[in-house]
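Chemist: First the structure, which I've put down as structure tokens, then a few questions once you've had a look.
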Amino acid sequence: MATIRRSCLVVMLLVLTAARALAAPGDDSYIAGYAAAVLEREFSLTAPSLKVENGVVTIAAADIAGADRARVVGELERIRGVARVVVLEPGVAPPITQTLTPPAGQPEQPRILSEWQAGVFPGGLLFKPLMADPRWPHFAASYQHYFDDPQFRDLAAVSFGESFAFYRDRIGSAWWEVGLHAGVFSVFDLDAPSFDLVNDDYLVGPPLSLRYGDFSTQLRIFNQSSHLGDEFLLRTRTNRINLTYEAVDLKASYEYADAVRLYAGGGYLFDQTPSNLKPYWVQYGLELTSPWPSREGRWRPVAAVDVKQQEENNWSADISARAGIEIDGVLLTRKLQILLAYFNGHSPNGQFYRDKVQYLGIGTHFHF
């Protein structure tokens, strides 16, 4: 079993690495496209004058007259590959840039791309990650302190994985994409002599997402399997539960003014072990992103609550709440979150799904 799990991890890492390599930024056209997307997303601006040559971004002052110029320049300078940003006042000629190989003819104008790109490995996600969902695939590490629990007091929770799009295209004025969710969620007992691995949950499946404006939805079919750690099992003689299932779920999300996000949905288990697991659940939540970032514009306060109610648990609410800061522009376009976390409900760790737990924690979360 350990060999199989290691093989799965290696394959998952190779897939994610290949995806990132294919999605890596390239020439001036990529920078121009990304700069246009930043202007549209962050400032609701379109800039016909935007040009990029040898990493130098030029833009007319008139195109950004309605925005904070310093913040616009700062956002554009954070794009990887940008050498500098020049704002052109009326009557001022663009800067002369040197080229290693002069073009044979008239240089092609950079292609201004929309925020969402079509094609293979287009980057980004139509359905954004759920910030407070304990089982959304992403890279994270956190400390959790359990209250009044007979088994655990201090745990380390580590996850790695990702959600990314394989292919995206348009349907009229809407977008659709198909991708992959893959993640491993592990918890370790910090009070055990050897920091025992307690539980591993493996999740993998293809999501199909659709987006129209601020509305997005996602249909997902996935498998989850859970495994106890060897040291923990030998030390505690815990009765192992062979928990594994296939599932399908559907969620819908609406975002308002880049500050408020509401989502709701539900799911159904099939081919589950134990076979008497009741199949239905609902999930809903709220996310808040502050519209007032710091002076530099890179970080902002965020907060979220996720609620899951399962038929197996008589529809009692499992509440996951997180709040902290989000830092934009880490590794070009990605987000780093430093979050306090509170959970009250049935354990999200597969082998302990019957146990009621309550914990408070703090962790870092990185979304590719």
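For every residue, the table says whether it meets (1) within 22 Å of LEU130 (Cα to Cα); (2) assigned to a strand (DSSP E or B).
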residue	(1), (2)
PHE222	yes, yes
ARG240	no, no
LYS251	yes, yes
PHE270	no, yes
LEU277	no, no
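Chemist: Ok, one more. Do we have ASP258 as assigned to a loop (DSSP other than H, G, I, E, B) and in contact with a strand residue (DSSP E or B) (Cβ under 8 Å, 6 or more places away or on another chain) here?
Modeler: Yes: the conditions hold for ASP258.
Chemist: Another question, if that's okay. Here are some residues: LEU277, LEU250, LEU262, LEU288. Which one is exposed (fewer than 14 other Cβ atoms within 10 Å of the Cβ), touching a residue at least 24 places away in the same chain (Cβ under 8 Å) and in the same structural domain as LEU203 (by TED's automatic domain parsing)?
Modeler: LEU262
Chemist: Can ASP306 be described as at negative phi and at pLDDT 95 or above?
Modeler: Taking the combined requirement at face value, the residue satisfies it.
Chemist: Looking at THR236 and the list (1) surrounded by 14 or more Cβ atoms within 10 Å (Cβ to Cβ); (2) in contact with a strand residue (DSSP E or B) (Cβ under 6 Å, 6 or more places away or on another chain); (3) over 29 Å from GLU75 (Cβ atoms), which single condition is not satisfied?
Modeler: (2)
Chemist: Being surrounded by fewer than 17 Cβ atoms within 10 Å (Cβ to Cβ), among the aromatic types (Phe, Trp, Tyr), in contact with a Phe, Trp or Tyr (Cβ under 6 Å, 6 or more places away or on another chain) and closer than 30 Å to ASP258 by Cβ: is that true of PHE215 here?
Modeler: Yes: the conditions hold for PHE215.
Chemist: Please enumerate the residues belonging to region 261-288 that are among the hydroxyl-bearing types (Ser, Thr, Tyr) and under 25 Å from ARG300 (Cβ atoms).
Modeler: TYR263, TYR284
Chemist: While we're on this one: Determine if region 201-217 includes at least one residue that is closer than 18 Å to ARG135 by Cβ, of a type in the set (Lys, Arg) and part of a strand (DSSP E or B).
Modeler: Looking for residues that are closer than 18 Å to ARG135 by Cβ, of a type in the set (Lys, Arg) and part of a strand (DSSP E or B), one finds none in region 201-217, hence no.
Chemist: Still on this structure, I have one more. Could you check, for region 316-332, whether at least one of its residues is touching a residue at least 12 places away in the same chain (Cβ under 8 Å), outside any strand (DSSP E or B) and over 19 Å from the mean Cα position of the chain (by Cα)?
Modeler: yes
Chemist: Please state which one of ASP196, ASP191 is farther than 21 Å from GLU246 by Cβ and either touching a helix residue (DSSP H, G or I) at 6+ places or on another chain (Cβ under 7 Å) or without any contact (Cβ under 8 Å) to a residue 12 or more places away in the chain (or both).
Modeler: The conditions single out ASP196.
Chemist: Still on this structure: Find the residue count for region 178-194, including only residues that are within 10 Å of ALA157 (Cβ to Cβ) and not in a strand (DSSP E or B).
Modeler: Here the count works out to 0.
Chemist: Do we find that SER163 is surrounded by 19 or more Cβ atoms within 10 Å (Cβ to Cβ), modelled with pLDDT of 95 or more and closer than 25 Å to VAL260 by Cα in this structure?
Modeler: No, not satisfied.
Chemist: Can you spot a residue in region 214-221 that is in contact with a Pro (Cβ under 7 Å, 6 or more places away or on another chain), among the polar types (S, T, N, Q), touching a residue at least 12 places away in the same chain (Cβ under 8 Å) and assigned by TED's automatic domain parsing to the domain that holds PRO274?
Modeler: yes
The values are calculated or read from the model by the stated rules, or taken from the named source; none is laboratory data. All of these numbers come straight from a predicted model, not from anything done at the bench. All Cβ positions, glycine included, derive from the backbone under ideal geometry; neighbour counts span all protein chains shown.
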